[in-house]
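Written below as structure tokens is the structure these notes are about.
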């Protein structure tokens, strides 16, 4: 018996053993997977450039607003850097919808809708932001490893820069949360 799952654009079928049948345009090798993953994070970063200003407008802490604004500038640069990576590997920069980022950004909007403007919302924005950062850290780390394995050293160097920026953004959010926001939000209980 075959179970078919329809996710709007793509259809995957699964056998009794749980093995998922690959789509007709599935990656054949590591390079294909690398390119597909680049398209995914390219979409994700572009989507984040639209989400960060909303988060900033909903934040009340000046430190948080500054961190989000600074990361928006980095994210714009990361989009540009990804375009350079595509160029280096001889591919056109094409975005492919990133389901993970779409879900994380929807969750972030939900957190803002479910909290009053103030420190509790700020704490929620940090939580949502860190989930995004952790996804990006995992993605850039993987892309860097793929590029290194494929001998794409110039691409690997650019991806390593973005990886370090994402790690720093995560640390910054943690520091802001622990210094004031989480403490102030806890006082609301």
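Against the definition (modelled with pLDDT under 95 and assigned to a loop (DSSP other than H, G, I, E, B)), how does residue 91 come out, yes or no?
no
Name the single residue that is surrounded by the fewest Cβ atoms within 10 Å (Cβ to Cβ) among those in the stretch 48-83 being over 19 Å from the mean Cα position of the chain (by Cα) and in contact (Cβ under 8 Å) with a residue 60 or more places away in the chain.
Once the filter is applied, the top-ranked residue is 60.
The values are calculated or read from the model by the stated rules, or taken from the named source; none is laboratory data. Here the structure is a predicted model, which is why all the values come from computation and not from measurement. So basically every Cβ, Gly included, is an ideal-geometry build from the backbone, and we count neighbours across all protein chains shown.
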